[in-house]
1. Could you look through the stretch 79-105, keep only residues that are touching a Lys or Arg at 6+ places or on another chain (Cβ under 9 Å) and part of a loop (DSSP other than H, G, I, E, B), and pick out the one that is farthest from the ligand (Cβ to nearest atom)?
2. Please go through the stretch 205-240 and give me each residue that is touching a residue at least 60 places away in the same chain (Cβ under 8 Å), within 16 Å of the ligand (Cβ to nearest atom) and either farther than 17 Å from Cys255 by Cβ or not in a loop (DSSP other than H, G, I, E, B) (or both), ordered by number.
3. Just the residues that are farther than 25 Å from Glu230 by Cα, aromatic (Phe, Trp, Tyr) and not in a loop (DSSP other than H, G, I, E, B), please, taken from the stretch 135-190.
4. Across the stretch 289-301, what is the total count of residues that are touching a residue at least 60 places away in the same chain (Cβ under 8 Å) and within 22 Å of Ser265 (Cβ to Cβ)?
5. Mind checking whether some residue in the stretch 21-38 is among the hydrophobic types (A, V, I, L, M, F, W, C), part of a loop (DSSP other than H, G, I, E, B), surrounded by fewer than 20 Cβ atoms within 10 Å (Cβ to Cβ) and modelled with pLDDT of 95 or more?
6. Filtering the stretch 263-288 down to residues that are surrounded by fewer than 23 Cβ atoms within 10 Å (Cβ to Cβ), touching a residue at least 60 places away in the same chain (Cβ under 8 Å) and within 15 Å of the ligand (Cβ to nearest atom), which residue is farthest from Gly168 (Cα to Cα)?
7. Can you spot a residue in the stretch 241-255 that is in a loop (DSSP other than H, G, I, E, B) and among the hydrophobic types (A, V, I, L, M, F, W, C)?
Amino acid sequence: MNQLILVTYHYVRDFPQTDFPRIKGILTDNFNKQVELLQSKFEMASHDSIISFLSGKYFPEKNLCYLTFDDGLIDHYENVLPILMEKKISAAFYTITSCINSRLVASVHKNHFLMAELKFNDLYTRFSQVLKEVAPNLELQPDMDIVKQVYKWDEPEIGMYKYHMNYGLPIDVREQILGILFNEVFGREESFSDNLYMGWDKLKELTNHGMSVGGHSHKHIAFSDLEPTEQRLDLSTCYESLRTNLSKSDPLPFCYPYGKAPSLSNSTPKYVQEAGFSTAVTTIPGWNSPKSNPFMLNRVDTNDIQNF
Ligand SMILES: [Zn+2]
């Protein structure tokens, strides 16, 4: 029985030629080469074919591979779309609806660009100062298992900083700190947001070229940090925004922010389904089969795909 693999991409750009050469991701040329390699080994899937496969109605002759792109980054319009069109490959693109509608920069991205712009020691010093101002009595107690598991590619100190920013700190404290730091370094976030993310016009263009556009939540907060009512509200807001701005009939796939098991609560996949989404992808590595839960699909990072 053949299986399905999903590949995760974030930034795809020519980093040395951009204002932020230290942002981490895949070079456009390497992306092109990776897609060629995948195309030679797998049958490249579409949203329709993965739905048929997962429901046990489609038996491909080769293993299936589906490409997925997180965060609605402008990279995906400028650098990815032309390559996929040339190779006649369909893929999924997951957007953060509040970033487009309110011209915000998601905290996770504020952090990426602060880390790319500042020397780590300077950032950490300023982070610690602002943390003391914002939450003078807060005691930090990191969960070292999560630090090691989620940030295995990072230096330990950097992994710890990312952990605090993405999981460890209470959301309001983290948002406040990142807001202050981002503003100090880059100024207002509206124009930064306009340059970082695809707007609805570009997302519509993706769908016109046969791509699937879905949700990556409204606010890009780990669902484990939200109460059930807040999770449902985030999901329904995201879903409605996509329905209003995109086709009224296309299935809408979903992608969990962060996507590792600790970032979800047990009921989150059920809430995603109830909100109306067609599937949901995690960042838990592994293959998928017709036995997989379509709202807990495994995905493999572009850096790890050679091991599969
Ligand atoms: Zn994301």
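The values are calculated or read from the model by the stated rules, or taken from the named source; none is laboratory data. All figures in this text were calculated on a predicted structure; none of them were measured in a lab. Here the Cβ positions follow ideal geometry from the backbone for every residue, glycine too, while neighbour counts run over all protein chains shown.
1. It comes out as Leu104.
2. Val213, Gly214, Gly215, Cys238
3. Listed by number, the residues that qualify are Tyr161, Phe182, Phe186.
4. First, the residues of the stretch 289-301 that are touching a residue at least 60 places away in the same chain (Cβ under 8 Å): 289-290, 292, 294, 297-301.
Cutting the leftovers down to within 22 Å of Ser265 (Cβ to Cβ) gives us 292, 294, 297-299.
So the count comes out to 5.
5. Step one: of the stretch 21-38, the residues among the hydrophobic types (A, V, I, L, M, F, W, C) are 23, 26-27, 31, 35, 37-38.
After this cut, where a residue has to be part of a loop (DSSP other than H, G, I, E, B) as well, the list is 23, 27.
Right, trim to surrounded by fewer than 20 Cβ atoms within 10 Å (Cβ to Cβ) and you get 23, 27.
Okay, now just the ones that are also modelled with pLDDT of 95 or more, so 23, 27.
Looking for residues that are among the hydrophobic types (A, V, I, L, M, F, W, C), part of a loop (DSSP other than H, G, I, E, B), surrounded by fewer than 20 Cβ atoms within 10 Å (Cβ to Cβ) and modelled with pLDDT of 95 or more, one finds at least one in the stretch 21-38, hence yes.
6. Residue satisfying both the conditions and the ranking: Thr283.
7. Checked against the condition, which is being in a loop (DSSP other than H, G, I, E, B) and among the hydrophobic types (A, V, I, L, M, F, W, C), the stretch 241-255 yields at least one hit.
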